[in-house]
Number of protein chains: 2
Amino acid sequence: MARTAPLSGFPELLPAQRHVEQQVLARLARTFEMHGFANLETRAVEPLDQLLRKGETSKEVYVLRRLQAAEEGADAGLGLHFDLTVPFARYVLEHAGKLEFPFRRYQVQKVWRGERPQEGRFREFTQADIDVIGRDTLAFHHDVEVARVMLAALGSLDFLPGFRLQVNNRKLIQGFYAGLGAPDVEAVMRVVDKLDKLPRERVHALLQDDAGLTGEQADACLALAAITTTDTSFVQRVRELGVEHELLDEGLAELAAVVEGCAGLVTDRVEIVADLTIARGLDYYTGTVFETRLHGHESLGSICSGGRYDALATDGRTTYPGVGISLGVSRLLVPLLARDVVVADRSVPSAVLVAVVEEQRRAESDALADQLRANGVPCEVAPAAAKFGKQIRHAERRGIPYVLFPGTDGAEHQVKDIRSGDQAPVDLTSWTPPVEDLHPRVRSNEQEQQ
Amino acid sequence: MARTAPLSGFPELLPAQRHVEQQVLARLARTFEMHGFANLETRAVEPLDQLLRKGETSKEVYVLRRLQAAEEGADAGLGLHFDLTVPFARYVLEHAGKLEFPFRRYQVQKVWRGERPQEGRFREFTQADIDVIGRDTLAFHHDVEVARVMLAALGSLDFLPGFRLQVNNRKLIQGFYAGLGAPDVEAVMRVVDKLDKLPRERVHALLQDDAGLTGEQADACLALAAITTTDTSFVQRVRELGVEHELLDEGLAELAAVVEGCAGLVTDRVEIVADLTIARGLDYYTGTVFETRLHGHESLGSICSGGRYDALATDGRTTYPGVGISLGVSRLLVPLLARDVVVADRSVPSAVLVAVVEEQRRAESDALADQLRANGVPCEVAPAAAKFGKQIRHAERRGIPYVLFPGTDGAEHQVKDIRSGDQAPVDLTSWTPPVEDLHPRVRSNEQEQQ
């Protein structure tokens, strides 16, 4: 077992880093549950025909094979899921009779993509998705709801840099292009989507060459894409471009409702903007679309994306419209952890190390540890009855803030704060560390890094 | 997407069932962290040569292949992990320089085995492992520690049937066989291990035919295997068999220490027994071995097993001894959930449904919901401003116990307990549901099922 090189694209965390991730996941879960979202997990594998419904992703799928597949049949055609949307749609169809609609769920699982690894792209990574799905219909106000819930969830991650949730609406841009008289609305969308990669003039030219627009129409499309507002003033600015279309009106009203509905959740760390560039490429969204940037780390791309599907799933008879957002937990955290932007102050849950006076008296230390645990204090007992100096260094190396020295022969127990060096007798029936020391603390290191 | 048949061996849970699993995992995690175990996750894939070090498992491994593997190289030879021990050993070797030893960790992840599905055997399932690993040496008291921690963890699952933790020690049985003069100690162990499948007389015959024992020696082996005690009286009973060996003495002392060290954790639900049949088959344990049965569900087999390895990992220069136990979370829960032995009383986290008076006033209901959330009350807003009777039924179907009716035009808000039908005005600045209604409750259904 000498070969233990890391596998590119399969990130692994050290214990203190994993604690940060656990804190993130715990805060997300709490927010989602506070809003009535139930947790779900789906199996990691899906039949290949389900996974390949979107042709784009076929290259990225990992296919499974049993090592000694004499009886290949049963496993043939299974692959690892590459997102949580396709499995969720399948789950809804499979269990529809046992679910209540509209159905809210959150799902936090690993997904796998056989991609070429690069910064921020992984072959195995964790996503946290929320979706609301209806049967036949799903009221628009759920678009506002998922935006509000994700904004509250991001707002709870106060040890991370701030977030900008960017919202747009497919109806708005499609209605605008149609109202403008574009001969091929889809083609216009495809070209405008290149604005983050190509210079403006190049896009302007492509709008004429590939999408068949006049120069004036191309001007209008670029003017639309340039609109970004933190309030509903985008409506007036779009109106000033003089385009009229029923679908545009609908999109403007919906986008305004999302921005307005989220206004109460905006803080100095978390903001929402109407950003009329956002189109979510070739994904099959039909209304609201979301992307999210992390302040100061925009090169990570969108770390939280989603939108409204008119048909998240269908079995031919019944259609299930949905709206959801997916947070790329690994995409967000792995780079921040690698750069020590966010850190935990110890590598173990223990707040106290219980010293052992001599090996024959380990049971006494075990009993003191159990007493601490009964009071809600995570702790561990020293592995060896070494000199106290060595036991203190054992705690120090793990970041454990307190060492408890058992009182021998009727003497009082003593607790040492190894950061200050202060030591004092304690009554273990009531003593607990200050609440801020009870669990590892996660803090932003952003200032020190800059 | 019409084909949505379940995949045999890949169990999936409904939301209320998943809540039970989440409760189990939360209680396990809390107990493990209270004892200083840090959480870890390893990637789901390992190089095949790591996975195949134990020849027995080769048939069970799922190998990965990229669907369109033009550049096969990078992914060739990867498989899904089939347990959490092999990946943990690899993780320790890979990150040894950044870990502090003895290193305690718990790990809760899915594992995959390409087995033929059968009752209690899955192709994808969740395990929860705890291990303590040392560098070069690991004191014996950690064997007692992991037994204590797992016993405390199982004890916390008070909505499940009781558990019997069965402990034995390889040194004890190997020393006994050696002291008896067995020509091939391993052969004796292999035969005795068949006691749960073959009748006693057949094993007696095999001990003579396959393991080269005399009839008297075979009698002694079966007498040893028959010993099961809930205290340390097994020591006397083994001594009465008149066999002497240094390794036997060591094993007896260790096993007695485990049983004695756990005595304080025994309750009417959770017990520990010295069971001298347990050998853990062909696994590479070198001292303490553990198995666990669930009261009333013994046909599930051992749902929590483990033991001491003298070399959990080695890189040639350094050896890492370890001791651990692995709880088969799916193996334990999936059958109990399928039989409704344990249930959650609602399918959503929401304790309150906030009714909507009319669609134009949804924002008022949203604001009331946020007020409840600020007081720690999970809630959701009704999806439509239907008649109140319909909104109440919406809550009822999900098991949400309370409906909040917003007071209109200065009237007081009213809360209805839909179980009792009681309705009363409330002051939302202070009202919360009784604490037992705040989150879905998990309860045993065992009585009703029998």
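The values are calculated or read from the model by the stated rules, or taken from the named source; none is laboratory data. Predicted model, so just to flag it, every value in this text is computed and none were measured. When we count neighbours, we look across all protein chains shown, and the Cβ atoms used for this are built from the backbone with ideal geometry, even at glycine. With ligands, DNA and RNA removed, areas are computed over all heavy atoms of the protein, side chains included. Shrake-Rupley method; radii C 1.70, N 1.55, O 1.52, S 1.80 Å.
Can you tell me the dipole magnitude for the protein assembly as shown around its Cα centre, using point charges on the Cβ only (Lys, Arg +1; Asp, Glu -1), in Debye to the nearest 20?
860
Shown in residue order for the range B:94-104 are the 3J(HN,Hα) couplings computed by the Karplus curve 6.51 cos²θ - 1.76 cosθ + 1.60 at θ = phi - 60°: 5, 10, 3, x, 10, 10, 9, 10, x, 10, 9 Hz (x for Gly and Pro). Using a simple spin-label model with pseudo-atoms 7 Å out from Cα toward Cβ, residue B:53 and residue B:423 lie 6.7 nm apart. Give the separation of the Cα centroids, the range B:146-175 to the range A:179-202, in Å. With the range B:146-175 and the range A:179-202 each reduced to a Cα centre, they are spaced 65 Å. Only the Cβ atoms of Lys and Arg (+1) and of Asp and Glu (-1) were treated as charged; on that basis the dipole of the range B:352-444 about its Cα centre amounts to roughly 520 debye. Net charge dipole, the range B:136-249: roughly 360 debye, given to the nearest 20, about the Cα centre with Cβ charges of +1 for Lys and Arg and -1 for Asp and Glu. For the range B:172-217, the spread of Cα coordinates along the three principal axes comes to 25, 19, 14 Å, biggest extent given first. Comparing each chain alone with all protein chains together (probe 1.4 Å, DNA, RNA and ligands left out), the residues of the range A:132-150 losing at least 20 Å² of accessible area are A:141, A:148. Taking only alpha carbon atoms, the range B:15-343 gives an Rg to Rh ratio of 0.98, where Rh is the Kirkwood radius.
The convex hull around the C-alpha trace of the range B:93-241, projected and averaged over every direction, spans 13.0 square nanometres. On the principal axes of its alpha carbon atoms, the range A:222-330 extends 42, 41, 28 Å, with the longest extent given first. Centre-to-centre separation between the Cα atoms of the range B:303-355 and those of the range A:353-398: 27 Å.
The rule of thumb for compact globular proteins, 2.2 N^0.38 Å, goes into the C-alpha radius of gyration of the range B:352-444 1.02 times. Legend: mean number of C-beta atoms from other chains within 10 angstrom of residue C-beta atoms, peptide A:366-375, equals 3.
Each copy carries a label point for residue B:200 at 7 Å from Cα along the beta-carbon vector; from one copy to the others these points are 9.1 nm apart, nearest first. Beta bridges assigned by DSSP with both partners in the range A:352-441 are antiparallel in approximately 55 percent of cases. Computed 3J(HN,Hα) for the range B:218-224, one whole-Hz value per residue from the Karplus formula 6.51 cos²θ - 1.76 cosθ + 1.60 where θ = phi - 60°, is 4, 4, 4, 4, 5, 5, 4, glycine and proline marked x.
Using DSSP, restrict attention to beta bridges with both residues in the range B:15-343 and report what percent are antiparallel, rounded to the nearest 5. Counting only bridges with both partners in the range B:15-343, antiparallel ones make up about 85 percent.
Solvent-accessible surface of the range B:354-443, taken per residue with a 1.4 Å probe and all protein chains present: 49 Å². Summed over both chains, the accessible area lost when A and B associate is about 8200 Å², using a 1.4 Å probe.
Looking at the range B:153-204, the accessible area is 39 square angstrom per residue; that uses a 1.4 Å probe and ignores ligands, DNA and RNA.
Placing a label point 7 Å from the Cα of residue B:240 along the Cα-to-Cβ direction, the residues of the range B:177-198 whose backbone N falls under 20 Å from that point are B:177, B:180.
Counting Cβ atoms of other protein chains within 10 Å of each Cβ in B:9-16 and taking the mean gives 5. Going through the cross-link list A:98/B:387; B:98/B:171; A:197/B:110; A:110/B:416; A:110/B:197, which pairs have a Cα-Cα distance over 30 Å in this structure? Correct reply: B:98/B:171; A:197/B:110; A:110/B:416; A:110/B:197.
In this calculation the C-beta distance from residue B:318 to residue B:345 is compared with R0 = 51 Å, giving a FRET efficiency of 0.50.
Remark: spin-label model distance residue A:219-residue B:441 equals 7.0 nm, labels positioned 7 Å along the Cα→Cβ axis. What FRET efficiency comes out for residue B:432 versus residue A:196 if R0 is 35 angstrom and r is the Cβ-Cβ distance? Round to the nearest 0.05. FRET efficiency, residue B:432 to residue A:196: 0.15. Computed over protein heavy atoms with a 1.4 Å probe, the carbon and sulfur contribution to the accessible area of the protein assembly as shown reaches 48%. Spacing of the modelled spin labels on residue B:311 and residue A:390, each 7 Å from Cα toward Cβ, amounts to 2.6 nm.
Any idea what the relative contact order of the range B:96-180 is, in percent, if you count C-alpha pairs under 8 Å spaced at least 6 apart?
Reported relative contact order: 23 percent.
Kirkwood radius and radius of gyration were both taken over the C-alpha atoms of the protein assembly as shown, and their ratio Rg/Rh is 1.00. If you take every residue apart from residue A:220 with its C-beta less than 13 Å away from the C-beta of residue A:220, what net charge results, scoring Lys and Arg +1 and Asp and Glu -1? Surrounding charge for residue A:220 is -2. Report note on the peptides A:18-26, A:324-332, B:244-252: ranked by the mean count of other C-beta atoms within 10 Å, highest first, their order is A:324-332, A:18-26, B:244-252. Counting, for every residue in A:345-351, the Cβ atoms of other protein chains within 10 Å of its Cβ and taking the mean gives 5. In nanometers and ordered shortest first, the copy-to-copy spacing of the residue B:219 label point, defined 7 Å from Cα toward Cβ, is 10.9.
Here the 3J(HN,Hα) profile of the range B:316-331, calculated from phi with Karplus coefficients 6.51, -1.76 and 1.60 at θ = phi - 60°, is x, 8, 10, 10, 10, x, x, 9, x, 9, 10, 9, x, 4, 5, 4 Hz, Gly and Pro shown as x.
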